[in-house]
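Here is the structure we will look at.
The values are calculated or read from the model by the stated rules, or taken from the named source; none is laboratory data. Since we're looking at a predicted model, the values are computed, not measured. Note that we place each Cβ from the backbone using ideal geometry, even for glycine, and neighbour counts take in every protein chain shown.
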Amino acid sequence: MRFAVVVFPGSNCEQDVVHAARLLGFGADYVWHGDDSLDGFDAVILPGGFSYGDYLRCGAVARFSPIMSEVVRFAQDGGPVMGICNGFQILAEAHLLPGALLRNEGLKFICEEVTLKVEGHVCDWLDLPVDTIVRMPINHNEGNYVCDDDTLDALRDDRQIVLRYSTPDGEVTPCTAPNGARYSIAGVCNEAGNVFGLMPHPERVVDPVVGGTDGRHFFTAIAERMAQVAG
Amino acid sequence: MARYEIYVTYKDGIFDPPGATAERALVNLGYEEVERVRIGKYIQLAIEDGDGEDARVKEMCDKLLANPVIEDYRIERVDG
């Protein structure tokens, strides 16, 4: 199992993602945004950061990087793609995921640990049971997920909502999203389940020494799934 | 050279946090008549003369300058 971690100008979480994957025993290597091949990789991760300075809109310019046409093709062929934070914004801008991410409701950059509830979903990247509570850090200025009513209905019907911000007890209310995200959505996948975007940072909670291991599931679940498909 | 001015705004129904904050600030300053503030982007664009430049500018908006999921845009050609 080998992860491609795409580095855009302004990415700043790529080393954490590669470290997390390797810590868990997987292969992981950087792919430069100007590259044009994903040959030899089993899954793609777009890491967090501030690609292209977040100019115009977060992810709007990165979406047109040379490697992105390969990422789109990889995703359309069913290859697993995960976008974390800025990576989520890039996937939304590329229309690989529905909706968009706006400025946080309170206009503040938020850097804190949150609790999230796992929804019933079709996402390939996570295999935790419904209603499991996970703890992960968030670190963003534009994580306010929005979509129109029809899209929200479709997301619910097609089980594309993966994670919602919750209280530590797992209760989700309109107030539990620290950034104002609609329906408290923290992570969504596409209809097929192979493309997944989330604002929290799983790569930062894979080692107990830095406060938790809940993020491990996001790497191990996809690896197990890929092994089953291959096997 | 053809010159354009492009206004990008959030679609109706999309919450605009900076606009809502400016709105509250204006009301707090005593401008109680303020009912709504929406903040958008203003883009100046200069392009070489050519065929079909209006259509090209619209394409630029659809592709990059605005996100059709959340934003509307208005293009004004200003070179007469």
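Couple of notes before you dig in:
- Residue ID - farthest from B:Thr9 (Cα to Cα), chosen from residues in the range B:39-71 that are within 13 Å of chain A (Cβ to nearest Cβ) and of a type in the set (D, E, K, R): B:Lys63
- Of the residues making up the range A:184-231, just one is crowded, with 17+ Cβ neighbours inside 10 Å and free of Cβ contacts under 8 Å to residues at least 40 places away in the same chain, namely A:Ser184.
- Counted residues, the range A:146-165 - those being away from chain B (no Cβ under 11 Å), out of contact with any Asp or Glu (no Cβ under 8 Å at 6 or more places or on another chain) and outside any helix (DSSP H, G or I): 1
Okay, residues lined up against (1) at pLDDT 95 or above; (2) in a helix (DSSP H, G or I); (3) surrounded by fewer than 14 Cβ atoms within 10 Å (Cβ to Cβ):
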{"position": "B:Gly19", "(1), (2), (3)": "no, yes, no"}
{"position": "B:Glu32", "(1), (2), (3)": "yes, no, yes"}
{"position": "B:Tyr42", "(1), (2), (3)": "yes, no, yes"}
{"position": "B:Asp49", "(1), (2), (3)": "no, no, yes"}
{"position": "B:Val57", "(1), (2), (3)": "yes, yes, no"}
{"position": "B:Glu76", "(1), (2), (3)": "yes, no, yes"}
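- Residue pairs whose Cβ atoms lie under 9 Å apart, separated by 6 or more positions or on different chains, with the first residue in the range A:49-78 and farther than 17 Å from A:Leu38 by Cα and at pLDDT 95 or above and the second assigned to a strand (DSSP E or B) and of a type in the set (Val, Ile, Thr), are A:Gly49/A:Val7.
- Check on B:Asn28, closer than 27 Å to A:Tyr145 by Cα and among the polar types (S, T, N, Q): no
- The numbered conditions (1) under 17 Å from the mean Cα position of the chain (by Cα); (2) outside any helix (DSSP H, G or I) are all true for A:Leu91 except (2).
- Scanning the range B:60-74 for residues that are of a type outside the set (Ser, Thr, Tyr), out of contact with any Gly (no Cβ under 7 Å at 6 or more places or on another chain) and crowded, with 16+ Cβ neighbours inside 10 Å yields a total of 7.
- Pick from the range B:1-17, criterion loosely packed, with under 12 Cβ neighbours inside 10 Å and within 14 Å of chain A (Cβ to nearest Cβ), ranking: farthest from A:Thr151 (Cα to Cα): B:Asp12
- Look at (1) within 27 Å of A:Ala181 (Cα to Cα); (2) free of Cβ contacts under 8 Å to residues at least 40 places away in the same chain; (3) crowded, with 22+ Cβ neighbours inside 10 Å; (4) touching a strand residue (DSSP E or B) at 6+ places or on another chain (Cβ under 8 Å) and you find that A:Ala28 fails only one, number (1).
- Filter pass, A:Ala192 being within 16 Å of the chain's Cα centre (by Cα), farther than 19 Å from A:Phe26 by Cβ, in a loop (DSSP other than H, G, I, E, B) and modelled with pLDDT of 95 or more: yes
- Taken over the range B:2-28, the residue count meeting the criterion of being β-branched (Val, Ile, Thr) and over 18 Å from the mean Cα position of the chain (by Cα) is 2.
- Residues of the range A:67-123 satisfying the condition of being among the β-branched types (Val, Ile, Thr) and either surrounded by 24 or more Cβ atoms within 10 Å (Cβ to Cβ) or farther than 23 Å from A:Leu56 by Cα (or both): A:Val71, A:Val81, A:Ile84, A:Ile90, A:Val114, A:Thr115, A:Val118, A:Val122
- Out of A:Arg22, A:Arg63, A:Arg2, one residue alone is among the charged types (D, E, K, R) and touching a Phe, Trp or Tyr at 6+ places or on another chain (Cβ under 7 Å). It is A:Arg2.
- Any hit, the range A:96-106, residues being among the charged types (D, E, K, R) and touching a residue at least 40 places away in the same chain (Cβ under 8 Å): yes
- Selection within the range A:157-173 - surrounded by 13 or more Cβ atoms within 10 Å (Cβ to Cβ) and of a type in the set (D, E, K, R): A:Asp158, A:Arg159, A:Arg164
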